[in-house]
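J.: Got a structure for you, written out below as structure tokens; questions coming shortly.
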Ligand SMILES: NC(=O)CC[C@H](N)C(=O)O
């Protein structure tokens, strides 16, 4: 197999009498539907079991590229169940496509995401509940999905809209093909649709409600009517994604992926995290910075939180309209000023409202991993991960509240601080997932805020 002696990967060029290869296709069903895989990449063959008898070495292939055999592709069929699909937008436009994943009829708001990679984190971000995510990157699915990149326990989004779905997967962490993953989670995906044209329309006209359907019995007019009789504004989407009872979170970022290992606080701070649809990486980053975390449901009363005597509070990201969840605003209001708080995205918007400010719906929002933000306190520009359709109007906020960050694409408010109330918040995602890590320092600043408060109280 052309391995060099001691090449640094544990490979040896010594004679090997017996080698067992375990091929790992992206999914079992793909293997049965498309027999005859062609292994195209053996770069990561490694020795998993060395016995004292060096002539018997078992080898597992953990990374392999799998391509659908020419037999299968010759038939012109892709390795997933596919139906004709329609996306009917409320403006009357009809987009014909092919489906993968689940089938049926689903209504939602269409938003476009400009991330080049990280579709699994996007699919599992609970903040997309009620929305169809259209990826502007035309080629999706080529890295499959894996065990580690889940941002929640489920896919809450309404569906996925892409230009082209890769028929093969190639990634060393891949455990399943995207088509099978979505089918199991009952999420509809469509491809073979002009995502660029839809994006331009959304940029011109703003986010649009649409209906995605594989149901031939439904007329275009019926689907159009459905899209025009539903609205995402004013709906409490948080209650469908929040946990039902409190739990402890202990997982840190895995050592292999930890890029900020010197930043762990020597003290441990107890953080109560309100789950409005919390992404796992927010919890992992807090844990990596040395926090002990209790996650509580969105309806958890402020009084019970204060009984837990936390050092700090995290108000998480979450789906939908912040004006549709007055109970959450009330909870935030009852907690502000009592302990240091950090709000992220929906959490930031709820803080804005709790302070007496207003939120408004943006034309098409910010969704992607490439949004430039200026930190007004340091002057630094961060490239950030964003996913929101609403924003806080800074002019509506009371005196003493500082705008700390602005989005450089449109000048909108991207961060707030209110030192008198030990408060900081960001409209975007310092935990990234997917996206750049430029804003990770925000977790350190939150720890500093809790540290200062502890000192004052001591
Ligand atoms: N990621 C989030 O928390 C989203 C916030 C809010 N639901 C919005 O769309 O603006």
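J.: Return the only residue of 417, 385, 391 being away from the ligand (no atom under 15 Å from the Cβ) and not assigned by TED's automatic domain parsing to the domain that holds residue 129.
T.: Values: 385 fails: away from the ligand (no atom under 15 Å from the Cβ); 391 fails: away from the ligand (no atom under 15 Å from the Cβ).
Criteria check complete, one pass: 417.
J.: Just to verify a result, which residue in the stretch 239-287, among those that are assigned to a helix (DSSP H, G or I) and free of Cβ contacts under 8 Å to residues at least 40 places away in the same chain, is nearest to residue 328 (Cα to Cα)?
T.: Going through the stretch 239-287, the residues assigned to a helix (DSSP H, G or I) turn out to be 239-240, 255-257, 261-263, 280-287.
Now drop any that are not free of Cβ contacts under 8 Å to residues at least 40 places away in the same chain, which leaves 255-257, 261-262, 283, 287.
Details: 255: 35, 256: 37, 257: 34, 261: 34, 262: 35, 283: 20, 287: 24 Å.
Result: 283.
J.: Filter the stretch 360-379 for residues that are more than 12 Å from residue 390 (Cβ to Cβ) and free of Cβ contacts under 8 Å to residues at least 60 places away in the same chain; which is nearest to the ligand (Cβ to nearest atom)?
T.: That would be 371.
J.: Output yes when any residue across the stretch 246-259 is crowded, with 18+ Cβ neighbours inside 10 Å, more than 16 Å from the ligand (Cβ to nearest atom) and at pLDDT 95 or above, and no when none is.
T.: Looking for residues that are crowded, with 18+ Cβ neighbours inside 10 Å, more than 16 Å from the ligand (Cβ to nearest atom) and at pLDDT 95 or above, one finds at least one in the stretch 246-259, hence yes.
J.: Here is a list of conditions, (1) free of Cβ contacts under 8 Å to residues at least 12 places away in the same chain; (2) surrounded by 18 or more Cβ atoms within 10 Å (Cβ to Cβ), and residue 429 meets all of them except one; can you say which number that is?
T.: Looking at each condition in turn, residue 429 falls short on (1).
J.: Go through the stretch 214-238 and count every residue that is part of a loop (DSSP other than H, G, I, E, B) and more than 16 Å from the ligand (Cβ to nearest atom).
T.: Start the filter on the stretch 214-238 by keeping residues that are part of a loop (DSSP other than H, G, I, E, B), which leaves 214-219, 229-237.
If we keep only those that are more than 16 Å from the ligand (Cβ to nearest atom) as well, we get 214-219, 229-230.
Here the count works out to 8.
J.: Just the residues that are away from the ligand (no atom under 13 Å from the Cβ) and assigned to a loop (DSSP other than H, G, I, E, B), please, taken from the stretch 435-448. Before you say what the answer is, go through the steps one by one.
T.: Going through the stretch 435-448, the residues away from the ligand (no atom under 13 Å from the Cβ) turn out to be 436-448.
Within the stretch 435-448, 436, 437, 438, 439, 440 meet the criteria.
J.: Follow-up question, since we're still on this one. I need the full set of residues from the stretch 322-334 which are over 17 Å from residue 398 (Cβ atoms), buried (at least 21 other Cβ atoms within 10 Å of the Cβ) and more than 7 Å from the ligand (Cβ to nearest atom), in order please.
T.: Answer for the stretch 322-334, where residues must be over 17 Å from residue 398 (Cβ atoms), buried (at least 21 other Cβ atoms within 10 Å of the Cβ) and more than 7 Å from the ligand (Cβ to nearest atom): 325, 328, 331.
J.: Just name the residue that is nearest to the ligand (Cβ to nearest atom) out of those in the stretch 289-305 that are outside any strand (DSSP E or B) and within 18 Å of residue 347 (Cα to Cα).
T.: So the first thing to find is which residues in the stretch 289-305 are outside any strand (DSSP E or B), and the list is 289-290, 298-305.
So of that shortlist, the ones also within 18 Å of residue 347 (Cα to Cα) come out as 298-302, 305.
Values: 298: 12, 299: 17, 300: 18, 301: 22, 302: 20, 305: 20 Å.
Going through the qualifying residues, I end up with 298.
The values are calculated or read from the model by the stated rules, or taken from the named source; none is laboratory data. Every value quoted in this text rests on a predicted model; they were computed, and no experiment measured them. Note that we place each Cβ from the backbone using ideal geometry, even for glycine, and neighbour counts take in every protein chain shown.
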